[in-house]
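Taken together, the values in this text are just the output of simple stated rules run on the coordinates, not laboratory data. Note that this is a predicted model, so its numbers are computed, not measured. Here the Cβ positions follow ideal geometry from the backbone for every residue, glycine too, while neighbour counts run over all protein chains shown.
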Amino acid sequence: MASEALFTSDPDQHKVVASSALASGEMHQTGDGRACYVDQLQAVASGDTYAQRKRAVVKVPAASATTFSKGDPVIFDGSANLAVNPALTVDGAADYYVGVAHKAKTSGQLFVEVDLNAQPLLPAIPRPFVYEFDCQTLIDADVHTLIPAWMNKSGLLVLAVYAIVTEVFAGTEDQGIVTIKDTAGTPNTICTLTASDSGADAVGDVIVGTAKILGGTTGDAVKSVAAGLGITGAVTQATTGAAAGKMKVYVLAMPLV
């Protein structure tokens, strides 16, 4: 009788070809978005075959003042190469979920022990990054990733996009605007978030994105994002003069299938 299961490999580690140079133990992501590290003593050159390990309890560097309780989610800040807490400065373009704190980290410690990829980031409903956009002229002109492409395996139906005012809008031009787009070659606009003119918004007020499904009516066009594309946001109209104004942006989306 033929065996019903045949062992092929260690599920927590597999061999891949490096697309760039990597140091021993260096944190990075697998092709499907999971956190991993270089599981060998030697550095890796581009084109080398090396071992990626996806499950383990690992020590990840963290700033001395950063603290975690056991079970807290841990994000890897790709620019600083440090473990951080979820925050409004986290950007899905370079920062990613690595797992949960295996035990508490107190102030003064320089590492947090992480259960790699525990509580995976890809449940049935994607968990977008929340970003605070500063609409003051030239402060935050960059594009920020709210849903990375690797979170979107089967296409997304965008239910709504909302923002919360975190700093009152003001200036000669006091109507800050954030535009939400997908990451197609020629990006498609999903919606815009426009602060009220003449300083009518207060801290804590909601800004409703255009073209929403929640609260829409029959016959409205839906906004969807094709599989393999991400969702980004950028300030497209800044406040000027004696300028101010910030908003936290939230995307509500669900898989198309």
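Before moving on, here are some points about what is shown:
- Sorting CYS191, CYS36 by the number of Cβ atoms found within 10 Å of their own Cβ, with the fewest placed first, yields CYS191, CYS36.
- Cross-link partners of LYS59 among lysines, defined as those whose alpha carbon lies under 25 angstrom from its own and excluding same-chain residues fewer than eight positions apart: LYS15, LYS70, LYS103, LYS105.
- Under 16 Å from a label point set 7 Å out along the Cα-to-Cβ vector of ASP72, the amide N atoms of segment 93-113 belong to 97-113.
- Pairwise label distance in nanometres, ALA202 with ASP142, each label 7 Å out on the Cα-Cβ vector: 3.4
- Subtracting the Cα-Cα distance of LEU157 and VAL130 from 0.36 nm times their residue separation leaves 7.9 nm of extension gain.
- Neighbours of LEU256, meaning other residues whose beta-carbon lies under 12 angstrom from its beta-carbon, give a summed charge of +2 when Lys and Arg score +1 and Asp and Glu score -1.
- Distant-in-sequence amide contacts of LEU159, defined by a placed amide H-H separation under 5 Å and a gap of 5 or more residues or a different chain, comprise LEU252, ALA253, MET254.
- The amide H of GLY176, built 1.01 Å from its N in the peptide plane, has ALA195 as neighbours under 5 Å, considering only residues 5 or more places off or on other chains.
- Placed amide H near GLY92: partners under 5 Å, 5+ positions off or other chain: THR145
- Within a straight-line Cα-Cα reach of under 27 Å, LYS181 can be paired with the following lysines, leaving aside sequence neighbours fewer than 8 residues apart in one chain: LYS153, LYS212, LYS223, LYS246, LYS248.
- Taking the fewest neighbouring Cβ atoms within 10 Å as the starting point, the ordered list for PHE133, PHE169, PHE111 is PHE111, PHE133, PHE169.
- Legend: calculated FRET efficiency, ALA87 to ALA21, from the Cβ-Cβ distance at R0 = 45 Å, rounded to 0.05, equals 0.95.
- With both labels modelled 7 Å from their Cα along Cα-to-Cβ, the GLU4 to SER107 distance reads 5.6 nm.
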